[in-house]
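Starting off with a structure, shown below.
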Amino acid sequence: MLPQDNGDDQLDPHVEYLQQLLRDNEFLQRENLLFEAFLAKVDMSKLGALAEDDASKKKKGGKKGAAGGPAGANTSRGGIAAARDGAAAQFAALTDEEKNDLVSQEVEMVQAEIEAIRKAGDKDIDDIRTLMEEVDMRIAETKKDTYEFKRDIIIAAENPRTGKIVAEKMIRFIEDKLRQKDATADKLRLKNTTTKALITKLEHQLAHKEEMGEVLHLVDFDQLKIENQQYMERIEERNNELLKLKLSTSRTVQVLNNLKSSLSDMVAAGHALRKQIAERKQDLARFDADFGNVLDEKGRGERTLRRLKLEQEDIDTPTIMDYIKLKHEVTELEKQLVDWRRKIDILTMEKTRKRTLLKSVASTTQGGGAGLQPYGSGGGAAAAAALAGGEGGGGSRGNSAR
């Protein structure tokens, strides 16, 4: 790992040098492109004249050095050779100031081209807008003429019997249109003449002002300077006022934004309140309906109450003594009912007991011997008769009780 790191450290200076060369080449390519663009736009004859002027100035400087003394002859020749070498070097390599001048001139040229293109574009836009307006006017005029032709010729000039267009109306319509066109042409011709006269007058005024501007004196320039200073002060005041207005406008915009936000909140609250009001109106309508139903029920109840009161007033109510007597009778009858229920229970129990006894006697009689049968039969008959008499007596008592 260590030798590889050493190799990377050794290659780093070469890589940096290569990157620097690439950046220099890119810079030189951009310079060459800039110089080519400048040379393509500049006239070469003017450039040669500028070079000859520089060479002549240097030659004049060399001649002055030769006129200073004999010893300066050799130096003058050396100066001329040096000037030639300097001229060659000037074409070979440019200084930073010259490059800066070239770049500035190129920027100015590009800006001038952009401005010229912008002006040409604005002029083309104006021309196109003018043509569009003219086309719109012509379309409107054509639609109007078409409508009038349909109205006056196709509809109004038609013969109702033959269904054909009357020629006299057609000719009259065309003559009217031609007179209108002639009147419009006369108006435009007069307007054109007036415009030309105004242009000529303005040109004369402009030429007169230019001539007067050439004979301006120092006093006029001083006055213009004073006026310029006054206008500059006014412009400064207006700029300050404009700055204040901008600040106040920014504050106004902030207040307006706050008011807009408040307005939006209020609008939302208003929508919510409208919704609540609609809901409350629905509830109120429902309550009104319920209230009407309750009133109807109340009316029905009052009518029923009056009817019941009338019925109650018509019934003969008993006196207090009658009520006491009826209550006493009811109490006595209830007591008698209780007594009779007890008697019925006692008789029911007695009947059940006697039936049980009869069944037991009957079973005993059937289970006895033959010698005992006459006695048993006689005894059984007597017992049955006794039971029957008992039941009959109970029944008679029950009937008498009833």
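Please name whichever of SER264, THR249, PHE287 sits farthest to the positive end of the charge dipole of segment 238-308, dipole taken about the Cα centre and charges placed at Cβ: Lys and Arg +1, Asp and Glu -1.
So the residue we want is THR249.
Do you know the Lys pair count in segment 214-344 for C-alpha distances under 23 Å, with sequence separation 8 or more or different chains? Write out the running numbers ahead of the final one.
Details: LYS246/LYS260; LYS260/LYS275; LYS298/LYS309; LYS325/LYS335; LYS327/LYS335; LYS335/LYS343.
Close lysine pairs found across segment 214-344: 6.
May I pose another question? Over the Cα atoms of segment 256-332, Rg to Rh with Kirkwood Rh, two decimal places? Could the numbers behind the result be given before it?
Values: Rg = 31.8 Å, Rh = 19.0 Å.
Over the Cα atoms of segment 256-332, Rg/Rh equals 1.67.
From the Cα gyration tensor of segment 134-283, with a ≥ b ≥ c the square roots of its eigenvalues, which class applies: rounded if a/c is under 1.5, or else prolate if a/b is larger than b/c, or else oblate?
Values: a/c = 8.62, a/b = 1.11, b/c = 7.79.
Oblate.
Can you compute the equivalent ellipsoid semi-axes for segment 124-175, i.e. the square root of 5 times each eigenvalue of the Cα gyration tensor, sorted largest first and rounded to whole Å? All intermediate terms of the calculation are to be shown ahead of the outcome.
On the way: eigenvalues 258, 18, 6 Å².
Equivalent-ellipsoid dimensions as semi-axes: 36, 9, 5 Å.
Tabulate in residue order the Karplus-calculated ³J(HN,Hα) for segment 104-120, using 6.51 cos²θ - 1.76 cosθ + 1.60 with θ = phi - 60°, rounded to whole Hz; enter x for Gly and Pro.
Values per residue, Gly and Pro as x: 4, 4, 5, 5, 4, 5, 5, 5, 5, 4, 4, 5, 5, 5, 5, 5, 5 Hz.
Something else now. Under 16 Å Cα to Cα from LYS196, which aspartates and glutamates show up? Leave out anything in the same chain fewer than 8 places away.
ASP186
Leaving out ligands, DNA and RNA, and with a 1.4 Å probe, what % of the accessible surface on segment 223-338 is carbon or sulfur?
Numbers: 6570 of 11000 Å².
Taking all protein chains in place, segment 223-338 shows 60 percent carbon and sulfur surface.
Pairs LYS144/LYS181; LYS143/LYS177; LYS99/LYS119; LYS144/LYS177; LYS143/LYS164: which exceed 22 Å Cα-Cα? Kindly include the intermediate steps, with their values, before the conclusion.
Numbers: LYS144/LYS181 14 Å; LYS143/LYS177 14 Å; LYS99/LYS119 30 Å; LYS144/LYS177 12 Å; LYS143/LYS164 24 Å.
Exceeds cut-off: LYS99/LYS119; LYS143/LYS164.
Apply the Karplus parameterisation 6.51 cos²θ - 1.76 cosθ + 1.60, with θ equal to phi minus 60°, to every residue of segment 247-264 and state each ³J(HN,Hα) to the nearest whole Hz, in sequence, with x for glycine and proline.
After applying 6.51 cos²θ - 1.76 cosθ + 1.60, I find 4, 5, 5, 4, 5, 4, 5, 4, 4, 5, 5, 4, 5, 5, 4, 4, 5, 5 Hz.
Taking θ as phi - 60°, what are the ³J(HN,Hα) couplings along segment 134-145 by the Karplus curve (6.51, -1.76, 1.60), each to the nearest whole Hz, with x for Gly and Pro?
Each residue's phi maps through the Karplus curve to give 5, 5, 4, 5, 5, 5, 4, 5, 5, 5, 5, 4 Hz.
The values are calculated or read from the model by the stated rules, or taken from the named source; none is laboratory data. What you see is a predicted model; the values in this text were computed from it and never measured. Please note: Cβ atoms are built from the backbone with ideal geometry, for glycine as well, and neighbour counts cover all protein chains shown. The accessibility values were calculated without ligands, DNA or RNA, using every heavy atom of the protein model including side chains. Shrake-Rupley method; radii C 1.70, N 1.55, O 1.52, S 1.80 Å.
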